[in-house]
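This report concerns only the one structure given below.
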Amino acid sequence: MARNEERRRALADAGLTVLADEGARGLTHRAVDRAAGVPLGTASNYFSSRTALIEGLVGRIGERLAPSAEFVREREGLPPSRDLFAQYLRDIARRLLGERQVAIALFELRLESTRRPEIAELLVTWRREGFAGDVAFNAAAGLPGGAHEIALFHYAVDGLLLDRLTGPLRPEDSIDDIVDALVDGLLPR
């Protein structure tokens, strides 16, 4: 069977579904094949080992959680401001919550990384590269806040995401209001 990127993405998406539904222990090549509705052995043709499968899932998480080109294009050239910074943060929160299974799969991988050093190494590298990209984007756009503030936002968004995925403390609070309050607290006027 010829390998193609569309099939690889479909298998990775199926793997994310398995991970979100079954947890890391349920993530096997066979489970991915069943979830994707393909013949047994297909996933192992694309991902030769469990480590390769997890690497593929991490890459797919990055693809699915990336901002839309349209969102970024609409903000190009706007003057840097706290409001623009908040717009980017609200978009991040919306993307994470809009891709519920992907967010759950990411949490599953992060938890599994506490037990498996090879997954920890992969995720730490991926997260730090993403963080460095966030810091570089923020600096290039002239937005307020540096690495310290962006790290604090990462911590806060992780907590917000976990809260919303597992039963919010205050479901009446909108994501936008929460993000705006975080911006106000971390980037004083």
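Miscellaneous remarks
- Any hit, region 127-140, residues being farther than 17 Å from GLY23 by Cα, buried (at least 17 other Cβ atoms within 10 Å of the Cβ) and among the basic types (Lys, Arg): no
- Condition broken by PRO79, with the remaining ones in (1) under 19 Å from the mean Cα position of the chain (by Cα); (2) closer than 23 Å to ASP176 by Cα; (3) exposed (fewer than 14 other Cβ atoms within 10 Å of the Cβ) satisfied: (1)
- Residue within region 172-189 that is free of Cβ contacts under 8 Å to residues at least 40 places away in the same chain and within 27 Å of GLY15 (Cα to Cα) present: no
- Annotation note: Cβ proximity below 6 Å between a residue of region 68-94 that is in the same structural domain as TYR155 (by TED's automatic domain parsing) and a residue that is surrounded by fewer than 12 Cβ atoms within 10 Å (Cβ to Cβ) (sequence gap 6+ or interchain) occurs for PRO80/GLY142; LEU84/LEU78.
- Scan region 94-118 for residues that are surrounded by 20 or more Cβ atoms within 10 Å (Cβ to Cβ) and at pLDDT below 95 and the total you get is 1.
- Helices (runs of 4 or more DSSP H) completely within region 1-67 that count 2 or more residues being under 14 Å from the mean Cα position of the chain (by Cα) and in contact (Cβ under 8 Å) with a residue 60 or more places away in the chain: 5-22, 50-65
- Residues satisfying the criterion are present in region 178-188 (criterion: acidic (Asp, Glu), in a helix (DSSP H, G or I) and surrounded by 13 or more Cβ atoms within 10 Å (Cβ to Cβ)).
The values are calculated or read from the model by the stated rules, or taken from the named source; none is laboratory data. Since the model is a prediction, treat every value here as computed from it, not as a measurement. Glycine also receives a Cβ, built like all others from the backbone with ideal geometry; neighbour counts cover every protein chain displayed.
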